[in-house]
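Computed from the coordinates by the stated procedures, all read-outs in this text should not be read as laboratory data. Remember, predicted model here, so these are calculated numbers, not experimental data.
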Amino acid sequence: MEKTYYLITWRLSFFELLKASNSPSVSGVDGTQLERLLVAVTQGGFGQDVSPDDTIQVRERFLEYACQEYDVDLPRTIETFDEYFELVEPDYFVDLDEEL
């Protein structure tokens, strides 16, 4: 099993949703705060869901995380993810702790 890494960025629409719901994660923030998160997900292996498109799995699992973390209730669909977040798959990942 190996981990795959993705960069997820809030879209303005997600910040506005949190602001409108008086979410503690953005209360007291002046201006726009668009967060970037580096997420890792284990792909494949025993007991792991395997999607024909890994980015579908990442989107669905991140929406689950976002709903719990930010106390919002969003439909768990790809369209919802794309409305509120941007997903970027890095070209490569460097683990600086690995020996050369």
Multiplying the sequence separation of residue 13 and residue 93 by 0.36 nm and subtracting their Cα-Cα distance, what value in nm do you get?
25.9 nm
Can you give the extra length, in nm with one decimal, that the chain gains between residue 20 and residue 74 once fully stretched, where that is 0.36 nm per residue apart less the Cα-Cα distance?
18.0 nm
